[in-house]
Amino acid sequence: MSTQQTTVLTAERTGSTAPRTSVRCEDADAERFVRELYAEHGTALLAYAARRLDNDWHRAQDLVQETAVRAWRHGPSLSLSADGVRPWLFRVLQNLVIDEHRARAVRPKVPHQLDDVVIAVGDDTDRVLAAQLVREALADLTGRQREILHVMYFRGLSVAHVSDLLGIPPGTVKSRTYYAMRALKTALITRGVHD
């Protein structure tokens, strides 16, 4: 930061009530400029920005900082008294707030609380619990119902293969499968599993 780009907004406090005049950038460095800007106007600017941003203090602080940067950049052209620079600061801040509202209107709303965010965990808990529930429900079925479900679904055989394996007609394989699935569904519903 060049000291030639800055303007100090307030003169040294002398204890008098006389209006303070601006000090050109040659007389003060950038750090002093920003410190005095915040000391003189920071609280009012921050309160204004926070009110306009629905009490989003973090964003309000960002906009006040951006206002300070713009004041620093325009330092040589700001030859106003300390009292006259305040309206300029508020105008810049107001424009930044308007830009912020426009940007928020374009962007989708993001939840503010991390507690509202559900993060999927890559564990197998649901799969293990579902398998345990099915095992318990299968215990409620008859031996024939368990057998038909095992060969049809767990081994993945076709109706023709099951018919040959068990020595029963294909129609019987289909009806046993239907009734076994219905019994399994009933057993799962009694355990609190819904469709």
If a residue has to be loosely packed, with under 13 Cβ neighbours inside 10 Å and of a type in the set (Ser, Thr, Tyr) to count, how many in the stretch 42-59 make the cut?
1
Hey, could you check the stretch 172-195 for residues that are closer than 17 Å to Ala139 by Cα and among the β-branched types (Val, Ile, Thr) and say which is least open to solvent (accessible area, probe 1.4 Å)?
Thr177
Only residues that are part of a helix (DSSP H, G or I) and surrounded by 15 or more Cβ atoms within 10 Å (Cβ to Cβ): list them for the stretch 135-158, please.
Ala137, Leu138, Gln145, Arg146, Glu147, Ile148, Leu149, Val151, Met152
The conditions are (1) at positive phi; (2) of a type outside the set (Ser, Thr, Tyr); (3) in contact with a Pro (Cβ under 7 Å, 6 or more places away or on another chain), and Val159 fails exactly one of them. Which is it?
(1)
Check Ala44, Ala71 and return the single one that is among the small types (Gly, Ala, Ser), under 28 Å from His101 (Cα atoms) and modelled with pLDDT of 85 or more.
Ala44
Check on Asp99, at pLDDT 85 or above, surrounded by fewer than 16 Cβ atoms within 10 Å (Cβ to Cβ) and in a helix (DSSP H, G or I):
yes
Determine the pairs where a residue that is under 16 Å from Val69 (Cα atoms) and at pLDDT 80 or above, located within the stretch 82-93, has a partner that is of a type in the set (Ser, Thr, Tyr) and part of a helix (DSSP H, G or I) with Cβ atoms under 7 Å apart, the partner being 6 or more residues away or on another chain.
Leu89/Thr67; Phe90/Tyr48; Val92/Thr67; Leu93/Tyr48; Leu93/Thr67
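The values are calculated or read from the model by the stated rules, or taken from the named source; none is laboratory data. Not measured: the values here are computed from a predicted model. Glycine also receives a Cβ, built like all others from the backbone with ideal geometry; neighbour counts cover every protein chain displayed. SASA here: full protein model, heavy atoms, side chains in, ligands and nucleic acids out. Shrake-Rupley method; radii C 1.70, N 1.55, O 1.52, S 1.80 Å.
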